[in-house]
Amino acid sequence: MAGNVDALYIFLTVVSALMCVLVFTLVVVFAARFRRRKGVRAEQIEGSLPLEITWSVLPLGVFFVFFAWGAWIYFSERTPPQGASEVYVVGKQWMWKLEHAEGQREINQLHVPVGRDIKLIMTSQDVIHSFYVPAFRIKQDVLPGRYTTTWFRATKPGTYHLFCAEYCGTQHSGMIGSVVVMEPAEYQAWLGGGGATTGSLASNGQALFTQLGCATCHRTDTQGRGPNLVGTFGKPVLLEDGRTVMEDENYVRESILVPTAKVVSGFKPVMPAFQGMVSEEQLNALVAYIKSLSPPSAGAANTASVAPSGEKPHGPEVH
Ligand code: CUA
């Protein structure tokens, strides 16, 4: 991404510099050329339509280039590629807590292999922070109460600065860390010998799912009092009030914390709220588990895919 961002930035700077030179040159030239002279009277000019259209349309065209180019970069930064490795990030005053899908936990450090797409699923347990890695040209606010995401693919091994870029209290400036990009073999060794893991994020989530009693209602058949969650992630969900929403990380998160916010069509709002009962880390594990019930290969196409066969409570999932 860095090359694209830099190219746009250089283009902006060059266009601005050219305009600046043009404007100041004309100011000086016209001041000299049309200066007050003895015996010469000023002539009233009525304006020129072709000239005015030209100096309106030309800059508009240039601005549209900025817009289209910027939008293209923005959307590619916003859209993690399919199959990216996921890392959950929790910001808190004043540290970054990171957890890999495989279960490795880190503080203020993120180890990744070179050349792999990494999707960050981020939230805060207190105030607004911002995840900023200047070398990768990525900066994304990290908000309490919801997930924001960003992604990167590091192209060179090395250690890169990680900053918090949103003033978040006394030790904001100390909320720094590093992203360590390693050769794949090195990374494998790190995974093996690295921080003690207590199983993958999804398997921790599965244990929690049972422990919190979720499994009693969200059964894997059609008899549960809650929707069967197998194969539903990343697909549209028809709600009781007729709306259709995408089942993404934020939807799952909200449905755990405030289940009555968006009730799935055909179900009653009987699920207890877990707001304040699960930590951000536990929530991340639950989300990872629910995602693991829908492997990407099963539902890569999002339109007109298989309607859940004979699963009456789901209703028409694809709207
Ligand atoms: Cu966190 Cu500034």
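The values are calculated or read from the model by the stated rules, or taken from the named source; none is laboratory data. The shown structure was predicted, so the numbers you read here are calculated from the model rather than taken from an experiment. Here the Cβ is made from the backbone with ideal geometry for all residues, glycine too, and neighbour counts use every protein chain on show. Please note that ligands, DNA and RNA were not included when accessible areas were found on the heavy atoms of the full protein model with its side chains. Shrake-Rupley method; radii C 1.70, N 1.55, O 1.52, S 1.80 Å.
Given LEU201, LEU120, which one is within 16 Å of the ligand (Cβ to nearest atom) and in contact with a strand residue (DSSP E or B) (Cβ under 7 Å, 6 or more places away or on another chain)?
Exactly one residue qualifies, and that residue is LEU120.
Within segment 146-177, restricting attention to residues that are under 24 Å from ALA84 (Cα atoms) and small (Gly, Ala, Ser), which residue is nearest to the ligand (Cβ to nearest atom)?
So the residue we want is GLY177.
Is it true that some residue in segment 275-285 is at pLDDT 80 or above, under 28 Å from the mean Cα position of the chain (by Cα), over 23 Å from SER124 (Cβ atoms) and surrounded by fewer than 19 Cβ atoms within 10 Å (Cβ to Cβ)?
No, because not a single residue in segment 275-285 is at pLDDT 80 or above, under 28 Å from the mean Cα position of the chain (by Cα), over 23 Å from SER124 (Cβ atoms) and surrounded by fewer than 19 Cβ atoms within 10 Å (Cβ to Cβ).
Select from segment 119-142 the residues that are open to solvent by 30 Å² or more (accessible area, probe 1.4 Å) and more than 11 Å from the chain's Cα centre (by Cα) and list them in ascending order.
GLN125, ASP126, VAL127, ILE128, TYR132, PRO134, ALA135, ARG137
Taking the stated definitions as given, is GLY39 outside any helix (DSSP H, G or I), open to solvent by less than 70 Å² (accessible area, probe 1.4 Å) and either over 24 Å from LYS156 (Cβ atoms) or of a type outside the set (S, T, N, Q) (or both)?
no
Here is a check on your reading of the model: is LEU26 among the hydrophobic types (A, V, I, L, M, F, W, C), in the same structural domain as SER173 (by TED's automatic domain parsing) and either away from the ligand (no atom under 16 Å from the Cβ) or within 18 Å of the chain's Cα centre (by Cα) (or both)?
no
Check segment 89-96 and report whether any residue there is under 14 Å from the mean Cα position of the chain (by Cα) and not in a loop (DSSP other than H, G, I, E, B).
Yes, some residue in segment 89-96 is under 14 Å from the mean Cα position of the chain (by Cα) and not in a loop (DSSP other than H, G, I, E, B).
Among the residues in segment 65-83, are any over 23 Å from THR149 (Cβ atoms) and touching a helix residue (DSSP H, G or I) at 6+ places or on another chain (Cβ under 9 Å)?
Looking for residues that are over 23 Å from THR149 (Cβ atoms) and touching a helix residue (DSSP H, G or I) at 6+ places or on another chain (Cβ under 9 Å), one finds at least one in segment 65-83, hence yes.
Filter segment 50-66 down to the residues that are among the aliphatic types (A, V, I, L, M) and open to solvent by 70 Å² or more (accessible area, probe 1.4 Å), then identify the one that is farthest from the ligand (Cβ to nearest atom).
Checked segment 50-66; the qualifying residue farthest from the ligand (Cβ to nearest atom) is LEU51.
If I filter segment 293-314 for residues that are open to solvent by less than 80 Å² (accessible area, probe 1.4 Å) and at pLDDT 85 or above, do I get at least one hit?
So far as segment 293-314 goes, yes, one or more of its residues are open to solvent by less than 80 Å² (accessible area, probe 1.4 Å) and at pLDDT 85 or above.
Considering (1) in a strand (DSSP E or B); (2) touching an Asp or Glu at 6+ places or on another chain (Cβ under 9 Å), say which one LEU162 fails and leave the rest.
Looking at each condition in turn, LEU162 falls short on (2).
Residue by residue, here is whether (1) of a type in the set (A, V, I, L, M); (2) in contact (Cβ under 8 Å) with a residue 12 or more places away in the chain; (3) touching a Phe, Trp or Tyr at 6+ places or on another chain (Cβ under 9 Å); (4) closer than 18 Å to TYR147 by Cβ holds:
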position	(1), (2), (3), (4)
GLY234	no, yes, no, yes
ARG243	no, yes, no, no
MET246	yes, yes, no, yes
ASN250	no, yes, yes, yes
GLY266	no, yes, no, no
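Of everything in segment 67-108 that's aromatic (Phe, Trp, Tyr) and loosely packed, with under 15 Cβ neighbours inside 10 Å, which residue is nearest to GLU166 (Cα to Cα)?
TYR74
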